[in-house]
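One structure is given here, and the rest of the page talks about it.
The values are calculated or read from the model by the stated rules, or taken from the named source; none is laboratory data. None of these values were measured; they are calculated from a predicted model. Heads up, the Cβs are rebuilt from the backbone with ideal geometry, glycines too, and the neighbour counts pull from every protein chain shown. These area figures cover heavy atoms from the full protein model, side chains too; ligands, DNA and RNA do not enter into them. Shrake-Rupley method; radii C 1.70, N 1.55, O 1.52, S 1.80 Å.
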Amino acid sequence: MNRFFLFLCFLFLTNLLYSQCYEPMRKDGITFYNRGEYPKAINCFMAAQRCPDKPATHDLNKWIADCNAKINAVPTTSKTQSQVCYVPILKAAQVSFFNDNFVDAKGLFIEARKCSDLPVDNELAFWIKICDDQLEFLDCIAENYTPFYLKGNEFFRRGDFEKSKENYLLASQSECIPNDLDVYVKIAACDQKIREKRFNTLLHDTISVNFWGKEGVFMGHVQFNKPNGKGLLLFTKDPVFKSIEGDFKNGEPIGTVHCIFNNHDEFTGTLKDDGFEIGTYKYANGDIYDGSFNQRVPNGEGTMRYTNGDVYTGRMVNGKKEGIGKLTVKSGYIANAQGATAYEGIWSANQKGFGKCYDDKGVLIHEGVFINDFPEKDYPNRVMRISFTWVEVPAGTFTMGCTSLRDCTGRDRPARTVTLSEFQISDKQVTVAQYRTFCEATGRSMPTRPSWGWEDDHPIVNVTWNDAVAFCQWTNCRLPTEAEWEYAAQGAIEPRQKLYSGSNNLREVGYFMDNTSRVRSVGQKKPNELLIYDMSGNVSEWVSDWFDVYPQGAQKDPQGASQGTHRVVRGGNWFSSEEECRITYRGICEPHLGNTYLGFRVVRN
């Protein structure tokens with residue numbers, strides 16, 4: 001049934017935009033070709049190819065090939081003063097820029113300024129500036145990063161790992177560092193070599209030991225055939241422990257030791273009997289606990305720092321909050337409908353007790369019985385650990401709709417100036433796991449399961465506009481307006497230069513009909529300039545606006561039409577063509593319908 005409604009939506013949009021369109025689009029393409037505006041000509045010819053009234057025999061492929069040949073023509077100095085040279089030189093300059101050849105790119109952009117067909121609204125000053133910025137960044141790397149990095153390499157080759165690490169650290173602290181983790185890998189390698197060198201220096205003997213009933217090998221100070229002094233105990237067959245490093249006396253560790261486990265957990269602190277006493281436990285998932293233990297489990301007073309930013313300080317029993325304690329929710333995460341960010345009181349093993357909750361300014365906003373850290377009376381509306389990574393989108397003014405860089409067909413998308421206030425947008429689309437949490441807490445049913453099944457990190461699909469709004473209300477968020485969506489998709493940069501969100505190459509940033517046959521996990525492709533993922537492809541996204549023709553004239557924080565029959569859909573999806581994934585492309589669907597390639601993301605002020 002969903003596919004049938006989807007097909008109806010598709011037919012509606014197709015008839016709206018493409019009925020009896022072949023000849024007009026072909027003529028427009030030839031007009032642009034004769035003017036030397038070859039990218040615009042290609043757009044028209046490709047649009048004509050998609051028209052339902054395209055004749056069986058046509059010459060569009062020849063026109064497109066001719067346009068590509070013109071665009072890819074190598075610019076020469078002799079062409080500089082010709083009638084048509086701006087577009088070819090601009091194209092060549094952009095190719096050099098995206099190949100990181102910024103010197104040649106800047107030279108070509110400067111050359112394009114001399115063309116007689118230079119547009120009045122050209123963007124060469126912008127391109128030259130970003131070339132200068134990139135060259136300045138490369139110069140900074142060469143002066144402040146590379147020398148220390150190379151010195152680190154040289155000392156590493158000599159075996160002087162302390163000096164090597166010192167130089168790598170200086171390189172990592174440079175104000176300009178390349179976008180890779182190589183220097184951090186080198187620092188880790190130095191740490192490993194320093195550790196090996198230290199134990200080789202301390203090595204008096206290597207003996208087999210049986211510690212806590214576990215077989216192992218001890219390397220370090222040995223006396224009377226037992227570990228005595230500093231050393232490293234490596235367990236050979238134990239499925240849990242990997243190693244213990246520290247001071248030993250008569251075969252037993254004393255004082256502070258460092259334990260590493262086969263699951264990559266780590267403990268630093270004191271041991272008691274065959275377990276931990278007091279120290280710091282770093283879990284492989286990033287959580288960190290400081291405090292008292294019984295065996296290997298947090299028991300007693302301590303502090304748990306969770307990877308999502310939450311911090312709990314108080315009594316722990318068998319790894320759970322039990323007794324008097326306080327939980328602080330990280331600023332930027334949603335706590336509940338009342339806006340609480342801190343809770344203190346009595347927790348029990350089932351996470352229920354009496355307490356108080358406060359806002360981020362320390363003002364008491366609720367006192368009573370809690371369940372799972374949230375007020376019992378607020379249970380139907382609470383957010384159960386649904387957290388979003390928020391991206392700050394600065395206030396600004398931009399050109400919304402079709403521009404010379406993003407030419408497109410359709411009378412409903414004329415360019416207009418829009419000014420937006422600052423807002424925050426989730427960096428990824430709402431996932432199956434997040435939407436399932438909402439359904440479980442509110443008693444709603446999950447939407448229809450897609451043919452490929454539910455995967456927690458897939459974007460939720462088959463949700464209607466009404467479903468998306470209900471989720472937003474429950475999480476104290478909202479859907480983005482169409483203007484906010486387009487501004488965030490282009491990276492909040494003006495003038496804009498990319499067809500898709502983050503790239504001119506759709507394969508870099510999105511899943512569409514040429515590289516997938518279903519939805520994929522969120523956040524797998526390259527993000528845009530604001531580090532927002534999947535705004536071109538994977539699933540299209542509901543926005544808050546009713547569909548209507550864009551109004552004329554500049555606007556401030558537009559909310560769209562006051563009424564209508566269809567809601568706007570933006571972003572393209574796994575079933576879309578490249579054109580339908582462009583930032584300016586608009587889709588529509590009735591608010592009570594959902595389908596397998598339509599989801600949403602959230603914003604907040």
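Could you order peptides 319-326, 153-160, 216-223 by the average number of other Cβ atoms within 10 Å of their residues, highest first?
Numbers: 319-326: 17.4, 153-160: 13.5, 216-223: 19.0.
Per-residue mean Cβ counts within 10 Å order the peptides as 216-223, 319-326, 153-160.
At a probe radius of 1.4 angstrom, the accessible area of the range 208-273 per residue rounds to 54 square angstrom.
Taking the protein heavy atoms of the range 461-605 in the context of the full set of protein chains, the accessible area attributed to carbon and sulfur is 47 percent at 1.4 Å.
Check the straight Cα-Cα distances from K54 and name the lysines below 21 Å, setting aside those fewer than 8 residues away within the same chain. Within the straight-line limit of under 21 Å, K54 reaches these lysines: K27, K40, K62.
So what is the accessible area of the range 539-605 per residue, in Å², with the probe set to 1.4 Å? Kindly include the intermediate steps, with their values, before the conclusion.
Values: 2480 Å² over 67 residues.
Normalised by residue count, the accessible surface of the range 539-605 is 37 Å².
Summing charges over neighbours of Y281, with a neighbour being any other residue whose Cβ is under 9 Å away from its Cβ, gives -2 when K and R count +1 and D and E count -1.
Please report the net charge: other residues with Cβ closer than 10 Å to the Cβ of S421, K and R +1, D and E -1. Intermediate results must be reported in sequence, preceding the final value.
Working: positive: K556; negative: E422, E484, D557.
Summing Lys and Arg as +1 and Asp and Glu as -1 gives -2.
Convert 4 °C to kelvin, take the viscosity as 1.567 mPa s, use the Kirkwood radius over C-alpha pairs of the range 87-173 as Rh, and evaluate the Stokes-Einstein diffusion coefficient in µm²/s, rounded to a whole number. Show your work: numbers first, answer last.
Values: Rh = 15.2 Å.
Roughly 85 µm²/s, to the nearest whole number.
Between T565 and E154, residue separation times 0.36 nm minus the direct Cα-Cα distance comes to 141.1 nm.
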